[in-house]
């Protein structure tokens, strides 16, 4: 696991760096391969921006978030990344098990409900 943190237009503190590293390291438990993360923390006006790119094997994940509080921005961007990782993991597991995709299932359900309404 490799986490690189970059500060733009602001002075970096060890507290923020440690907080971001600790939170991002928790995402490793959802990934099969070792991850590489690039974190960019910046200031634009009164807002703090957290931009995170994660690469693990063939999976690439990216999210950014803007907030008035740096710690809140980090938490929000990590929530987005966790959703992305879980979504991709669920899709790959379903694909391996030969299950149909959610869109295919929804189309079948829709067709059957229309048949039921028409009395077929």
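The values are calculated or read from the model by the stated rules, or taken from the named source; none is laboratory data. Please read all numbers here as calculations on a predicted model, not as lab measurements. Note: ideal-geometry Cβ built from the backbone for every residue, glycine included; neighbour counts use all protein chains shown.
Remarks
- Restricted to the range 48-59, and to residues there that are in contact with a helix residue (DSSP H, G or I) (Cβ under 9 Å, 6 or more places away or on another chain) and farther than 20 Å from residue 8 by Cβ, the residue that is surrounded by the most Cβ atoms within 10 Å (Cβ to Cβ) is 56.
- One residue from 25, 15 being farther than 26 Å from residue 88 by Cβ and either part of a helix (DSSP H, G or I) or at pLDDT 95 or above (or both): 15
- Looking at 61, 7, just one residue is in a strand (DSSP E or B) and farther than 29 Å from residue 102 by Cα, and that residue is 7.
- Residue-level check: of (1) at pLDDT 90 or above; (2) touching a strand residue (DSSP E or B) at 6+ places or on another chain (Cβ under 8 Å), residue 46 misses just (2).
- Scanning the range 28-47 for residues that are in a strand (DSSP E or B) and surrounded by 13 or more Cβ atoms within 10 Å (Cβ to Cβ) yields 35, 36, 37, 38, 39, 40, 41, 42, 43, 47.
- Single residue of the range 60-74 satisfying the filter (under 11 Å from the mean Cα position of the chain (by Cα) and surrounded by fewer than 19 Cβ atoms within 10 Å (Cβ to Cβ)) that is modelled with the lowest pLDDT: 60
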